[in-house]
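Participant: Sharing a structure with you now.
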Amino acid sequence: MKYSVVIPCYNSALFLKTTVGKIQQIFNRMDYEIILVNDSSPDSTIDIITELVKDNKNIIGIDLAHNTGQHNATMAGFNYVSGDYVITCADDGQSPMEMWLEMIDALDDGYDVATVYYTERGKRSLFRRFGSKIATAFGEWLIDMPKQGGVAFELVAKRFVIDEMIRYQSPYASINGLVLRTTWNIKKFVCEQHSREVGKSGYTFKKLLKIFLNQSTAFSVRPLRLASAIGVLFACSGVVMGVVTIVRKLAGIINYPGFSSIAVILLIGFGLIMVMLGLIGEYVGRIYMVVNMTPQFVVRREIKNEELEPDACKMDSRNNMLIPSVEE
């Protein structure tokens, strides 16, 4: 049995070696590989990855040409795995690595995916906690996400699940949505998320909003149905307000004839139109990006251990065979 660990890396220079060291201890006597995906990090993450690859033949580095986000970078790593079970892990060491063996046992017992549900998630701002609850509630409605937060980023999955996930070529990837689209045979483990030892989260409001939109619009049409429901609600409100305007007119308490009715129509009509156009435009824009074949990720290079070692042999260009190198 071989295990593949995929780690998307961004601004990971301070803690990546520690994270990889913990993984090596867990799989010390097992057949494993670690796929480190540099998501075009602005710091020295790629240098750390190159150093780790040079020191361990079980580590493969993937250098992306531009920043794609945690989920797309993870999808890039999935394309290079060779293990029977695939594990996703955060680069900052907050993943519950001590539970991996239990999660692997769950897959041996027949589950397709094992994931975690965090009861505590370290030090997070009030805004992040509130946003997570809203995103979870919407996820449960939009994509029928199971209770207790659906599928966390940290998971262990059988290879067939990963093979099905990488068939998804849209640039709007969501690990949560893709897993649930593939299987519901999921085992959840309740645990606490480790506190970040160094550095800070790279997630901004913009990035969190992007993930939420990817999950909401790429895997569900319910926002469009919600738009229809809102349209009906606003139309009914317009009728009610129209009736109120007529009553007020008959009662002689309207000071400016015609103003109230026009204001009601404009407010409700144009406001509703703009909301619906914005929502439809979001879907149409994503369809355009897919039709335009916008890539999920672009790999600049793959870094392997054998490519960094001193040349013990060289290629014979005539027959593509390796021949021993001879010092001149």
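The values are calculated or read from the model by the stated rules, or taken from the named source; none is laboratory data. Predicted model only: the values in this text are computed from it and were never measured. In this analysis, Cβ positions are derived from the backbone assuming ideal geometry, glycine residues included, and neighbour counts consider all displayed protein chains. These area figures cover heavy atoms from the full protein model, side chains too; ligands, DNA and RNA do not enter into them. Shrake-Rupley method; radii C 1.70, N 1.55, O 1.52, S 1.80 Å.
Participant: Going through the stretch 51-83 one residue at a time, which ones are of a type in the set (Ser, Thr, Tyr) and either open to solvent by 10 Å² or more (accessible area, probe 1.4 Å) or in a loop (DSSP other than H, G, I, E, B) (or both)?
Facilitator: Pass one, the stretch 51-83, residues of a type in the set (Ser, Thr, Tyr): 68, 74, 80, 82.
Matches in the stretch 51-83: 68, 80, 82.
Participant: Working carefully through the options 116, 86, 156, find the one that is modelled with pLDDT of 95 or more, farther than 26 Å from residue 46 by Cβ, among the β-branched types (Val, Ile, Thr) and surrounded by 14 or more Cβ atoms within 10 Å (Cβ to Cβ).
Facilitator: Values: 116 fails: modelled with pLDDT of 95 or more; 86 fails: farther than 26 Å from residue 46 by Cβ.
Just one listed residue meets the conditions, 156.
Participant: A further question follows. So, residue 35, is that one surrounded by 15 or more Cβ atoms within 10 Å (Cβ to Cβ), touching a residue at least 40 places away in the same chain (Cβ under 8 Å) and part of a strand (DSSP E or B) or not?
Facilitator: Considered against the rule, which asks whether it is surrounded by 15 or more Cβ atoms within 10 Å (Cβ to Cβ), touching a residue at least 40 places away in the same chain (Cβ under 8 Å) and part of a strand (DSSP E or B), residue 35 comes out as yes.
Participant: Here's a follow-up. Show the residue pairs that are 6+ apart or on different chains and have beta-carbon atoms under 9 Å apart, the first residue being within the stretch 163-182 and over 15 Å from residue 70 (Cβ atoms) and of a type in the set (Val, Ile, Thr), the second being in a helix (DSSP H, G or I) and open to solvent by 40 Å² or more (accessible area, probe 1.4 Å).
Facilitator: Final answer for the pair search is 182/160; 182/164.
Participant: Step by step: first the residues of the stretch 177-195, then only those that are under 30 Å from residue 13 (Cβ atoms) and surrounded by fewer than 16 Cβ atoms within 10 Å (Cβ to Cβ), then the one that is modelled with the highest pLDDT. Which residue is that?
Facilitator: The qualifying residue modelled with the highest pLDDT is 192.
Participant: Within the stretch 71-81, is there a residue that is touching a Phe, Trp or Tyr at 6+ places or on another chain (Cβ under 6 Å) and at pLDDT 95 or above? Break it down into steps so the answer makes sense when it comes.
Facilitator: If we filter the stretch 71-81 for residues that are touching a Phe, Trp or Tyr at 6+ places or on another chain (Cβ under 6 Å), which is where we start, we get 72, 76.
Now drop any that are not at pLDDT 95 or above, which leaves 76.
Yes, the stretch 71-81 contains a residue that is touching a Phe, Trp or Tyr at 6+ places or on another chain (Cβ under 6 Å) and at pLDDT 95 or above.
Participant: Can you tell me which residues in the stretch 1-52 are of a type in the set (A, V, I, L, M, F, W, C) and touching a Pro at 6+ places or on another chain (Cβ under 6 Å)? Give the steps one after another, and end with the answer.
Facilitator: So the first thing to find is which residues in the stretch 1-52 are of a type in the set (A, V, I, L, M, F, W, C), and the list is 1, 5-7, 9, 13-16, 20, 23, 26-27, 30, 34-37, 46, 48-49, 52.
Of everything in the stretch 1-52, just one residue is of a type in the set (A, V, I, L, M, F, W, C) and touching a Pro at 6+ places or on another chain (Cβ under 6 Å), namely 37.
Participant: Please work out which one of (1) under 15 Å from the mean Cα position of the chain (by Cα); (2) assigned to a helix (DSSP H, G or I) is the condition residue 48 fails and give its number.
Facilitator: (1)
Participant: Moving on. List pairs: first residue in the stretch 233-248 and over 19 Å from residue 275 (Cβ atoms), second residue small (Gly, Ala, Ser) and surrounded by 15 or more Cβ atoms within 10 Å (Cβ to Cβ) anywhere in the structure, Cβ distance under 9 angstrom, at least six positions apart or on different chains.
Facilitator: That search, which allows pairs on different chains as well, returns 242/261; 244/260; 245/260; 245/261; 246/261; 248/260.
Participant: Among the listed residues 44, 40, identify the single one that is open to solvent by 30 Å² or more (accessible area, probe 1.4 Å) and in contact with a strand residue (DSSP E or B) (Cβ under 7 Å, 6 or more places away or on another chain). Explain how you work it out, then say what you get.
Facilitator: Numbers: 44 fails: in contact with a strand residue (DSSP E or B) (Cβ under 7 Å, 6 or more places away or on another chain).
Every option except 40 fails the conditions.
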